[in-house]
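Report on the structure given below.
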């Protein structure tokens, strides 16, 4: 017996293999990700019918490369995001020539996750930006005092940046301790908003030790932060999910890609860009997913960036569309090109380019926003 | 001014670069990992002297490959393991041709971590295995009932396996819910120990949702588990640290490599095997670090496995030596070869080979232990 295919968690793997071995390679994945035993050792018929992954199809691509779709019983994921990730790629990701390139989840699985609380539409409401690209920047560098960082936040808010986040390296350094920094940056942005009538918010980095995360999140909330920055590569995807699902927090979540590079950048291993930065971050509940833009100092291609943006917005059960948030590679001269790539449904993260443009962060920000408005 | 080099966190990167660009590539890392701004934008002299990473030396290796040692001010790590990881490789890991291959931490940093609570000596005391290799196995497959898994645990314990862990895919599936499984497996192993006078323990998998981990850990403790299995790739290294440091838990910690493959398996990206599985897991407080053995179904080389084993035991401040715990690739016929690779200070994780050897798990285990004793 066993479940019908439509109720399965469907994972598509890119497999580098010869024709003679592809069927065995695919079945090895189906075993490795579930029973983790050789086939002949699994004698229990319930386990054979319901637990071992099912090969749904295998499609040859270019020479030596196949796409194999394998279905897993949702019971194996136990309703947990940690076990879901373990199920789809846990041990198999330790093999080379094997990459997760697509993911299709039955509604029964999707309905187990709340997903992004705000999504694109929610953020556009909050910031009153109905149709143009949104703008995010980062407070930096590490080593500056809370007062200095708050002054930068003030200037960016005067210029009209929507979400003013901590650099991902700001945590609780003695140069700008977390609670002091949060209070000062919130106050500075509030002051700017009162002057401009704007809606800028401060987004502190709540990435921290396992036992510190909840208190950082709650402190940010009570201090008046307008969003939270978290790095799933440092604390796990489920921490993001947990924060996103807390009704008494209810703040937009930005996810940062730190430490996750090896999960995507090699074509033969890890996850595809769209699965990792698009589908998994959305599943976990991010409202904005930060990733390195093409044309900057990292190596993502335009196609990979478009793939991420598309996964942020594709049909996915009850899940809201979220903002692809490309960072870097976005100078003033690139606005037209970026608009071709991303259209209007994007949040640009501009850090270095704004700092480097002029000493007047407010003027630089205004100039950029005008340019974005003209190109739309 | 700035700190003297000996007080810095020293990270050695393997960089693929031409001679003409290596100095800039190294300095780009020093900037990216700290201020995340172009050099000319960083004007603050405190930040320039104290925050930007310092290039300590650059050594050419084979053509097109360099080893660059960069020093970071420990203040940048803010006493947090999450920020420490962010500091040494956060954004730079998104670049290809760049790998962390060594790590040297000043005593001021090491003393901020408790490290492994038991280590090799502690585990040898607990299990009364003064000098031979220790033995671990896994309960599987997923889909079996708690009673069936407990029966397997009983048989392994009769045979004399030291640590009987959950397969890493067992979480809270309806087939064997966590609390029921823990109680039954603990009881089964206790029964076996009473019969044999042995000291086998059950090691449940406490990898779970962010808000579930602590309760799983506490349940395991009060139920009488003798160790805990956790997967840093799913929940973050700091969760491991937190568990290891809880004095009212005080159970040996085994770390599982699930989802971490891409962090090590490609020679051009991520971390070296020894840094990732050796130094980082030890820093976080694992007593046993599981990794795929060479000669099995994963691609680690004998040298990479020896490197891990050596990092588990090298001089590292107040940190205890921990058990390299190679899994797979260890049939009965390989005992002599493995002894050459690892010597006696190793814990073997044997799952599939024991299940596959015969239907009598107790007899298989006893035969293996005899073989290990004869080879020592």
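If you count the DSSP beta bridges with both ends in the protein assembly as shown, what percent of them are antiparallel, to the nearest 5?
45
Between helix A:146-159 and chain A, what is the angle of the helix's C-alpha long axis to the longest principal axis, kept within 0 to 90° and rounded to the nearest 10?
In chain A, helix A:146-159 runs at an angle near 90 degrees to the longest axis.
Report the rotationally averaged projected area of region B:171-221 based on its alpha-carbon convex hull, in square nanometres.
If you wrap the Cα atoms of region B:171-221 in a convex hull and average its projections, you get 3.6 nm².
Compute the long axis of helix A:22-32 from its Cα atoms, compare it with the longest principal axis of the Cα atoms of chain A, and write down the angle in degrees, 0 to 90, nearest 10.
Between the helix axis and the principal axis of chain A, the angle is about 70 degrees.
Under 25 °C and 0.890 mPa s, how fast does region B:167-322 diffuse according to Stokes-Einstein, given a Kirkwood radius computed over C-alpha pairs? Answer in µm²/s, whole number.
Calculated translational D: 148 µm²/s.
Using Cα pairs under 8 angstrom and six or more residues apart, how large is the relative contact order of region B:43-174, in percent?
14
So how do B:334-346, B:217-229, A:319-331 stack up, highest first, on mean other-Cβ count within 10 Å?
Descending mean neighbour count gives A:319-331, B:217-229, B:334-346.
Report relative contact order for region B:324-364 in percent, whole number only (criteria: Cα-Cα under 8 Å, sequence separation at least 6).
Reported as a whole number, the value is 47 percent.
Just to be sure I understand: if I project the alpha-carbon convex hull of region A:1-120 onto a plane and average over all orientations, what area do I get in nm²?
8.7
Put the label 7 Å from Cα along Cα→Cβ for residue A:318; what are its distances to the other copies, in nanometres, shortest first?
Here the equivalent label points are 5.0 nm apart from this one.
Based on other C-beta atoms within 10 Å, arrange B:298, A:332 from fewest to most.
Neighbour counts put them in this order, fewest first: A:332, B:298.
For region A:4-74, count the residues as N, evaluate 2.2 N^0.38 Å, and divide the Cα radius of gyration by that value, please.
Scaled against compact globular proteins, the figure is 1.11.
Percent of alpha carbon pairs in region A:90-196 separated by more than 19 Å?
Considering region A:90-196, 62 percent of its Cα-Cα pairs are separated by more than 19 Å.
Based on alpha-carbon positions alone, could you give the equivalent ellipsoid semi-axes of the protein assembly as shown from the gyration tensor, as √(5λ), descending, whole Å?
Semi-axis lengths for the protein assembly as shown are 43, 29, 24 Å.
List, shortest first and in nm to one decimal, how far the label point of residue A:125 (7 Å from Cα along Cα→Cβ) is from its counterparts in the other copies.
Distances between equivalent label points, in nm: 5.9.
Would you kindly calculate the mean projected area, averaged across all directions, of the convex hull enclosing the Cα atoms of region A:72-111, in square nanometres?
Its Cα hull, projected and averaged over all orientations, spans 3.0 nm².
Report, as an integer, the average count of C-beta atoms from other chains found within 10 Å of each Cβ along A:252-263.
6
Please report the Cα spread of region B:266-319 along all three principal axes, rounded to whole Å, starting with the longest.
Largest to smallest, the principal-axis extents are 34, 22, 16 Å.
Computed over the Cα atoms, what is the radius of gyration of region B:248-376 divided by 2.2 N^0.38 Å, N being its residue count?
The reported ratio for this selection is 1.08.
Over the Cα atoms of region B:72-146, what radius of gyration and what Dmax do you get, in Å?
For region B:72-146, the Cα-based Rg and Dmax read 19.2, 52 Å.
Which FRET efficiency, nearest 0.05, do residue A:339 and residue A:121 yield, Cβ-Cβ r, R0 25 Å?
It comes out at approximately 0.80.
Between copies, how close do the residue B:218 label points come, placed 7 Å along Cα→Cβ, listed in nm from shortest?
1.4
Using only helices, what value at 222 nm comes out for the protein assembly as shown when you add -39,500 (n - 2.57) per DSSP H run of length 4 or more and divide by the total residues, to the nearest 500 deg cm²/dmol?
For the protein assembly as shown, the value works out to -10500 deg cm²/dmol.
Rounded to whole Å and ordered largest first, report the semi-axes of the equivalent ellipsoid of region B:238-288 derived from its Cα gyration tensor (root of 5λ).
25, 9, 8
Across the residues of A:318-326, average count of Cβ atoms on other protein chains within 10 Å?
0
Taking every DSSP beta bridge with both residues inside chain A, roughly what % is antiparallel (nearest 5)?
Counting DSSP beta bridges with both partners in chain A, the antiparallel share is about 45 percent.
On C-alpha positions alone, give me the angle between the axis of helix A:361-375 and the longest principal axis of chain A, in degrees, nearest 10.
Its long axis makes an angle of about 60 degrees.
Quick check: Cα centre of region B:352-370 to Cα centre of region A:134-210, how many Å?
First find each Cα centre; the distance between them is then 60 Å.
For region B:1-106, what relative contact order do you get, as a whole percent, if you take Cα pairs closer than 8 Å and at least 6 residues apart?
43
Report the equivalent ellipsoid semi-axes for chain B in whole Å, largest first, defined as the square roots of five times the eigenvalues of the gyration tensor built from alpha carbon atoms.
For chain B, the semi-axes come out at 41, 22, 17 Å.
Only the coordinates and a few stated rules stand behind these numbers; no lab work does. This structure is a prediction, so every number in the text was calculated from the model and none was measured. Virtual Cβ from ideal backbone geometry, glycine too; neighbours counted across all protein chains shown.
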